[in-house]
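One structure is given here, and the rest of the page talks about it.
The values are calculated or read from the model by the stated rules, or taken from the named source; none is laboratory data. The structure presented is a predicted model; accordingly, all values stated were derived computationally and were not measured. Heads up, the Cβs are rebuilt from the backbone with ideal geometry, glycines too, and the neighbour counts pull from every protein chain shown. Each accessible area value is taken on the protein alone, full model and side chains, heavy atoms only, with ligands, DNA and RNA left out. Shrake-Rupley method; radii C 1.70, N 1.55, O 1.52, S 1.80 Å.
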Amino acid sequence: MAEISIVVPVYNVEKYLEKCLDSLLNQTFTDVEILLVDDGSTDHSLKICKNYAEKDGRIRVIHQLNQGLSAARNTGIENATGKYIGFIDSDDYIDEDMYEYLYNQITNQKADIAVCGIYNEYADIVRRAYPKDECVVATQKEAMAMVLEANKISVNAVNKLYKIEIFKNLRYPVGKLSEDAHLILEILLQAEKIVISTSPKYHYVHRENSITTAPYRKKDLSVIEAYIKNKKIIEKFYPDLLEVAEFRCFFAYFYVLDKMALTKNFKDKATRKKLIKEIRANKSKLKNNSFVGRNRKIAAIGLMIHPIFYNMFVRIEFRRKKKKVIS
């Protein structure tokens, strides 16, 4: 039995997998088991996994039919034997001291979850997700507020170390995009103390045709579903955080509408009309929400006049952000 179980879902990532696995095998914290869950890959990913398993006995390879990221993570959870568990996406990689750092944080603070910061990588550009190093020990409520504000901590599953007991009755939702957003507040409900560091140790690699850059699909609506669910959790447990939970719901609607605006030959106008109707029904809440930025409020006004004005705003913003990333 290892101290830490590291779950790596694998699906058609032969170009990136070796870099990911090398970063795991080079960890300064060595008491780990590495669960490679091959989710029905059709390239050479499974072969690479098996080759690595032959070289290092800490690696276990599990093969299953393709069911998606959530199902692969769930398989990893169900086969984990460690006291603690972490998740890594197989096209990303980590600093060699990430798990030692998280382990020291979670044990020294007697916490339920430890979090580190993230590097966002775009081609040859590497940027920190949070500009400076900070470390806070947060209560459940404080951590939920930070997640909803996207302040110091994000919904991501991958840059964290959890006590294994947290997942005793929790699994990632199969068939959903935004699976991290669906589960993060339920995870935090199982934790009393969360130690959060913004020091980046996890390298999140943004690549072409990833979920974050793909055209709109019906499945994208699951992000709205996730934050409506999170709002209900907040209403039940921490109603004084309702404004930021509503902000996240608006964010989810804008996220989907943005993808619609950026999708060539977009055709699902009935769904877009339904989303716009929902925003219009909540326009006073949107206007008065202190977490919604000024530019978004201006864009929402354009949306209520006609979608063409909103689409113009989104395309201008997209070009500006893209230029900023590559500059």
Matching residues in the range 165-178 - criterion: being open to solvent by 20 Å² or more (accessible area, probe 1.4 Å) and either modelled with pLDDT of 95 or more or in a helix (DSSP H, G or I) (or both): Glu165, Lys168, Asn169, Arg171, Pro173, Val174
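So how many residues does the range 1-30 have that are assigned to a loop (DSSP other than H, G, I, E, B) and surrounded by 15 or more Cβ atoms within 10 Å (Cβ to Cβ)? Let's see the steps before the verdict.
In the first step, residues of the range 1-30 are kept if they are assigned to a loop (DSSP other than H, G, I, E, B); the result is 1-3, 11-16, 26-30.
Filter once more, so that each one left must be surrounded by 15 or more Cβ atoms within 10 Å (Cβ to Cβ): 2-3, 11-14, 16, 27, 29.
Looking only at that region, the number is 9.
Here are Glu243, Glu235, Glu317: which of them is assigned to a helix (DSSP H, G or I), open to solvent by 80 Å² or more (accessible area, probe 1.4 Å), out of contact with any Asp or Glu (no Cβ under 6 Å at 6 or more places or on another chain) and within 22 Å of Glu149 (Cα to Cα)? Before you say what the answer is, go through the steps one by one.
Details: Glu243 fails: open to solvent by 80 Å² or more (accessible area, probe 1.4 Å); Glu317 fails: open to solvent by 80 Å² or more (accessible area, probe 1.4 Å).
Step by step, each of Glu243, Glu235, Glu317 is checked, and only Glu235 is assigned to a helix (DSSP H, G or I), open to solvent by 80 Å² or more (accessible area, probe 1.4 Å), out of contact with any Asp or Glu (no Cβ under 6 Å at 6 or more places or on another chain) and within 22 Å of Glu149 (Cα to Cα).
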All positions within the range 130-177 that are more than 28 Å from Val32 (Cβ to Cβ) and hydroxyl-bearing (Ser, Thr, Tyr): Thr139
Residues (buried (at least 18 other Cβ atoms within 10 Å of the Cβ) and not in a helix (DSSP H, G or I)) located in the range 31-46: Val32, Glu33, Ile34, Leu35, Leu36, Val37, Asp38, Asp39, Ser41
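Please enumerate the residues belonging to the range 255-264 that are more than 14 Å from Leu221 (Cα to Cα) and modelled with pLDDT of 90 or more.
First, the residues of the range 255-264 that are more than 14 Å from Leu221 (Cα to Cα): 261-264.
Across the range 255-264, the qualifying residues are Ala261, Leu262, Thr263.
Picking from Val256, Val292, which residue would you name as being of a type outside the set (S, T, N, Q) and part of a helix (DSSP H, G or I)?
On the way: Val292 fails: part of a helix (DSSP H, G or I).
Result: Val256 is the single residue among Val256, Val292 that is of a type outside the set (S, T, N, Q) and part of a helix (DSSP H, G or I).
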